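Working notes, beginning with the structure itself.
The values are calculated or read from the model by the stated rules, or taken from the named source; none is laboratory data. Quick caveat: nothing in here was measured; it's all calculated off a predicted structure. Methodologically, a virtual Cβ is constructed for each residue, glycine included, from the backbone with ideal geometry; neighbour enumeration extends over all protein chains shown.
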Amino acid sequence: MSVESSGRLARYTIFMNRDFAETASLLSDAARASMLLALLDGRALPAGQLAMIAQVAPQTASSHLSKMVSGRLLAVEQQGRHRYYRLAGTEVASAIEALLAIAPRSRGDRAHERATQSAPDGDLAYARTCYSHLPGGWPPSWLRPSRNAACFRRARIEVTA
């Protein structure tokens, strides 16, 4: 490797590390994490509702939301007087899900307890969701148990073949 290409690689690595660190810092705040988790189901929510979810003042929520839009974690759409925020894409949802898979669980974690209490058992627990639908390829027999069907109705999930 030449000195010139080594220097380019070093500069590239520094910029990559900086970008990675900036994105990671957006995820490290508890209020921002709460907002991101609330949007993980694919819905777009107004800033006021996200402020309540994160238990912060509306002005604080606005600052957090602005940072996450600038960091390309969230997208915003204006509808009349209201601004609705959603995850910027499936790659953001996938990154959050990957972090949740390795995050340690603390005792008394209410969000984790709610998620595990409402989570279905068996085959459905292994199904990969893509925002509003499940990809096909599974036999329809796993839909028959009434508990799983009720879970789909509550979550408004569409099953595709």
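Key figures for this structure:
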{"read-out": "Per-region count, segment 79-91, residues surrounded by 14 or more Cβ atoms within 10 Å (Cβ to Cβ) and assigned to a strand (DSSP E or B)", "value": "5"}
{"read-out": "Residue that is part of a loop (DSSP other than H, G, I, E, B) and modelled with pLDDT under 55, where the choices are A115, A161, A111, A125", "value": "A161"}
{"read-out": "Neighbours by Cβ (under 9 Å, 6+ apart or cross-chain): first from segment 35-51, in the same structural domain as E77 (by TED's automatic domain parsing) and charged (D, E, K, R); second in a loop (DSSP other than H, G, I, E, B) and surrounded by 15 or more Cβ atoms within 10 Å (Cβ to Cβ)", "value": "D41/T129"}
{"read-out": "Filter pass, S94 being under 24 Å from D19 (Cβ atoms), modelled with pLDDT of 95 or more and in a helix (DSSP H, G or I)", "value": "no"}
